[in-house]
Amino acid sequence: MGAFVSGLATTAVKSTRLGAVQRVELDELGARGNRAFCVIDERGRMVNAKRVRALQTVRSIQDYGRLVLSFADGSRAEGPIEYGETVPIKFFSHACDARLLVGPWAQALSDQLGAQLQIVEPEVGVDRGREGGVSLIGRASVTQLARVADEASVDVRRFRMLIEVDGLKPHEEDSWVGHAVRIGPALVAMRGNVGRCLITGLDPETGVPTLPTLDLLASYRVDVASTEPLPFGIYGEVLETGPVAVGDPAVVEGPLA
């Protein structure tokens, strides 16, 4: 049996907890609705779990035009998605405009996390823009990392990938960089390796540091030829849109022109 999609994970608000889904719709920006929104501070800077670890305790879901935030204490903030003014923000080092969400979420998030926060909708909510609309990792790669860590398993959500693929050897997905891959009916141009940062050391449920992922990756991946340091997984750009579901085949079609 060849490679196939063994898992899909999304979140409505960037840096909040990932949740498993059975199907996504890939469009030119990636999975529709995935990381549609992000959190900013009072200076308009995008906030992620590097700065506010507790974001990973928040579950965010966008459904039928509504946004729901669920918090660790069991409370929720939800309502129809409505927009206010357009504001300038800093998305990592990139300056862009984003639309403010008007509703109960900013106050609830600020109260829960102890910081003055707002939720906005940027044009693209994934780290590498359109070229990184899809992220992918092999299940065998995660299993290999668990062996290196001497752990029974490692939660794949630590790495915040959209697609998990089974049926490959450990890190075989690295060889897909520079190739077009058909995932279900969609076609993705794999542009590069995903280099890793300290967020991967945080427990994906609690935001507490529990695994020295960077040290582990450095112990056996530091000299791997890659587009970014400490590679673990790959990213790509959607060339042909379409639905992708768990169980769909993932087939390399050939090198990119």
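Considering only the other residues whose Cβ falls under 11 Å of the Cβ of Glu240, what net charge follows from Lys and Arg at +1 and Asp and Glu at -1?
-3
Where is the GNM fluctuation largest for the chain (alpha-carbon springs, 10 angstrom cutoff): Glu228, Glu173, Glu151?
Checking each option, the largest mean-square fluctuation is seen for Glu151.
Could you pull out every one of the lysines with an alpha carbon less than 28 Å from that of Lys14, ignoring same-chain neighbours closer than 8 positions?
Within the straight-line limit of under 28 Å, Lys14 reaches these lysines: Lys50, Lys90.
Given a Förster distance of 35 angstrom, what is the FRET efficiency for Val68 paired with Ala218, based on the Cβ-Cβ distance and rounded to 0.05? Don't jump to the answer; show the numbers that get you there.
On the way: r = 38 Å, r/R0 = 1.10.
The computed FRET efficiency comes out at 0.35.
List residues of region 65-106, by number, whose backbone nitrogen lies under 13 Å from a label position 7 Å along Cα→C-beta of Ala115.
In region 65-106, the label zone of Ala115 (backbone N under 13 Å from the point 7 Å along Cα→Cβ) covers 92.
Using a cut-off of 15 Å between beta-carbons, work out the net charge of the residues near Val21 (Lys and Arg +1, Asp and Glu -1, Val21 not included).
Neighbourhood net charge equals +3.
Where in the chain lies the longest segment free of chymotrypsin sites (Phe, Trp or Tyr not before Pro) that are both loop residues by DSSP (not H, G, I, E, B) and have at most 15 other Cβ atoms within 10 Å?
Numbers: sites that count: Tyr64, Phe92.
In the chain, the maximal stretch lacking such sites is 93-257.
Take the Cα gyration tensor of region 1-114, multiply each eigenvalue by 5, square-root it, and list the three semi-axes largest first, rounded to whole angstrom.
In descending order the semi-axes read 24, 18, 15 Å.
At 0.36 nm per residue, minus the direct Cα-Cα distance, what do Ala95 and Arg147 gain on full extension? Give it in nm, one decimal, please.
Numbers: separation 52, 0.36 × 52 = 18.72 nm, distance 4.06 nm.
Here the segment from Ala95 to Arg147 would lengthen by 14.7 nm.
Taking the Cβ of Gln118 as the center, what net charge do the other residues with Cβ under 10 Å away carry, scoring Lys and Arg +1 and Asp and Glu -1?
-2
Does anyone have the angle between helix 139-149 and the longest principal axis of the chain? Alpha-carbon axes, 0 to 90°, nearest 10?
Here the helix axis deviates by roughly 90 degrees.
Return the FRET efficiency for the residue pair Thr206, Leu256: r is the Cβ-Cβ distance, R0 is 41 Å, and the value is rounded to the nearest 0.05.
0.55
Using only the alpha-carbon atoms, what does the chain span along each of its principal axes? Please give whole angstrom values in decreasing order.
The Cα atoms of the chain stretch 48, 39, 32 Å along the principal axes, largest first.
Work out the length of the dipole vector of region 161-257 about its Cα centre, built from +1 on the beta-carbon of each Lys and Arg and -1 on the beta-carbon of each Asp and Glu, and round it to the nearest 20 debye.
Charge dipole, region 161-257, about its Cα centre: 160 debye, nearest 20.
With the chain treated as a Gaussian network of Cα nodes joined by springs under 10 Å, which of Thr200, Thr11, Thr86 yields the largest mean-square fluctuation?
Per the Cα network of the chain with a 10 Å cutoff, Thr86 tops the list.
No lab work stands behind these numbers, since they all come straight from the coordinates. Keep in mind it's a predicted model, so treat the numbers as computed, not measured. Here the Cβ is made from the backbone with ideal geometry for all residues, glycine too, and neighbour counts use every protein chain on show.
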